[in-house]
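Presented below is the structure to which this report refers.
What follows is calculated from the coordinates using simple rules that are stated; it is not laboratory data. In this text, all values refer to a predicted model and were calculated from it rather than measured experimentally. When we count neighbours, we look across all protein chains shown, and the Cβ atoms used for this are built from the backbone with ideal geometry, even at glycine.
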Amino acid sequence: MIFEGLNEKFQNIFSNLKRKGKLSEEDIKAASREIKLALLEADVNFKVVKQFTKAVSERAVGEEVLKSLTPGQQFIKIVNDEMTKLLGGELQKMEFVEQGINIFMMVGLQGAGKTTTAAKIANLLRKEKKFKPLLVACDVYRPAAIDQLEILGKELDIPVYLNKDEKDPRVIAKKALEFAETEGYNLMIIDTAGRLQIDETLMNELVDLKELLEPTEILLVVDGMTGQESVNVADEFNRQLEITGVVLTKLDGDTRGGAALSVTYTTGKTIKYIGTGEKLTDIELFYPDRMANRILGMGDVLSLIDKAQNMIDEEKARALEEKLRTQEFDLNDFLDQMQQLQELGSIGDLMEMMPGVNKKMLKGMNMDAAEGQTKQTEAIIRSMTPEERLKPGIINGSRRKRIALGSGTTVSDVNRMLKGFEQTKKMMKQMGAMQGKAKKGRFKL
Ligand code: GDP
């Protein structure tokens, strides 16, 4: 779970304060001390911690909290505000050029997630901005990295420019640029070489590439699972290359928060995207306020909505609406709908974005069982004939037995699933009717 340790600690600190009702200056000092410890333990850079707790306690000891009617809430608001500021304030938009080719250079240490992120961004911008992307393999030292980019490109159906015989990344980049110009690509994403540590040859090579390509964005990829040590690295990359933004990866892992909370303060550059999983769709824009909410355990409903909007196929949604109107919703649609929901991520992942949900609560719930149920429904529908899927009414006793056998379930599982389908259908019919009325102005939603 994202920033689990920090999340739990903040929730404890906040619930202690809320219980107290009125707060004294001493209470605020004690809470600030606890915040300081929590952040240091999460491996946040000490300068950042000092500056953050100073800002929080100064504002809190002032009029804002002590005279407030709900001091606990007020304190939380201040922590939330300051954390948003620390994370960069507002969403920083990517730079795009309207004419010509957008060139993004991905830089960072080996294993940070450059190659994966290059593919993720290409895929995202193709979808969102209708860009025509070209991936360029410039990691000449690790043939495996070139192969990896090639595989990702194939998976996404995005072309990859590579030349395994050429050992000079400058030559590859130059040729790739010519290729992009003649072929009409308007987004080029360059995967560069990483090292285990910064070294001079690598840096010189990156500086040369920068001069040659004049990139629109130089994105530093930082492994979110690392602590402040990665931030020193980020600082060095920034000093030599003047990066334009950071991508923080692996936020789905056991992240402590050190890198996320220190990187903007240290480099003065904001995080633009976050990687949240190994799948190629696991990338999100970075909203400092939403991230602060997530770190402090207040949930992130807005990101959840964005995710749903990105994943749900609009054409399918329209077709579904049509079916609702004509009341032809069948088991194929039911299966389709469930698969779209599954695309959104595991139920556990979704729950984590809900306000007030923390790891302890999730522990009490059996997420695997909920997901198992979805898989079972899928298996049952797949064991039906096309006719049965279209007209579930014909599924009699012997058909139920056959379906149960085919899907490795029992007849009562099949019964339960069919009942669930009928309920969904009924509910959707009602929703369809409500929408129809609202459109005619008879019903206010
Ligand atoms: P590079 O050496 O910087 O190019 O890093 P790679 O792109 O090869 O990534 C290293 C490993 O991290 C790979 O196994 C990726 O699948 C994994 N990875 C990258 N981004 C993420 C992420 O956001 N979440 C998770 N869980 N894994 C990631």
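When each of the peptides 124-133, 40-49 is scored by how many other beta carbons lie within 10 Å of its residues on average, the order from highest to lowest is 40-49, 124-133. Using the Cβ-Cβ distance between residue 16 and residue 61 with R0 = 22 Å, the FRET efficiency computed as 1/(1 + (r/R0)^6) comes to roughly 0.80.
Taking other C-beta atoms within 10 Å as the exposure proxy, 246, 207, 160, 231 rank 207, 160, 231, 246 from fewest upward. Distances between placed amide hydrogens fall under 5 Å for residue 132 paired with 186, 187, all partners being 5 or more residues away or on another chain. Model label sites at residue 427 and residue 181, defined 7 Å from Cα along the beta-carbon direction, differ in position by 5.7 nm. For the peptides 405-413, 377-385, residues were scored by their other Cβ atoms within 10 Å and the scores averaged per peptide; the highest-first order is 377-385, 405-413. Would the range 4-137 count as rounded, prolate or oblate if I go by the C-alpha gyration tensor, calling it rounded below 1.5 in a/c and otherwise prolate when a/b exceeds b/c, oblate otherwise? Prolate. In a fully extended conformation the segment linking residue 339 and residue 391 would gain 16.7 nm over its present Cα-Cα distance, using 0.36 nm per residue. The simple spin-label model puts a point 7 Å past each Cα toward its Cβ; for residue 382 and residue 8 those points are separated by 3.7 nm.
Distant-in-sequence amide contacts of residue 277, defined by a placed amide H-H separation under 5 Å and a gap of 5 or more residues or a different chain, comprise 250, 251, 252. Across the range 255-272, coupling constants 3J(HN,Hα) worked out from phi with the 6.51/-1.76/1.60 Karplus curve, θ = phi - 60°, read 7, 8, x, x, 5, 4, 7, 9, 5, 5, 4, 6, 9, x, 10, 8, 7, 9 Hz, and Gly and Pro carry x. Using 0.36 nm per residue and subtracting the Cα-Cα separation, the extra length available between residue 81 and residue 151 on full extension is 21.0 nm.
Amide H to amide H, with H built 1.01 Å from N, residue 3 comes under 5 Å of 255, counting only residues 5 or more places away or on other chains. Converting phi to 3J(HN,Hα) with the Karplus coefficients 6.51, -1.76 and 1.60 and the offset θ = phi - 60°, the range 43-59 yields 6, 7, 3, 5, 5, 5, 4, 4, 5, 5, 5, 5, 4, 5, 6, 4, 5 Hz in sequence order, with x at every glycine or proline.
Taking the Cα centre as origin and putting +1 on Lys and Arg beta-carbons and -1 on Asp and Glu beta-carbons, what dipole magnitude results for the range 4-86, to the nearest 20 debye? Display every interim value, and only then the final one.
Details: 15 positive and 13 negative charges, 34 e Å.
I would put it at about 160 debye.
Of the residues 253, 287, 265, the one whose Cα sits farthest toward the positive end of the charge dipole of the range 102-298, with +1 on the Cβ of Lys and Arg and -1 on the Cβ of Asp and Glu, is 287. Computed from phi, the 3J(HN,Hα) profile of the range 94-101 under the Karplus parametrisation 6.51, -1.76, 1.60 (θ = phi - 60°) reads 6, 8, 10, 9, 6, 9, x, 10 Hz, with x in place of Gly and Pro.
The simple spin-label model puts a point 7 Å past each Cα toward its Cβ; for residue 54 and residue 412 those points are separated by 6.6 nm.
Of the residues 57, 15, 398, the one with the fewest other Cβ atoms within 10 Å heads the list, and the complete ranking is 398, 15, 57. Full extension of the chain between residue 141 and residue 46 gives 30.6 nm of extra length, using 0.36 nm per residue less the Cα-Cα distance.
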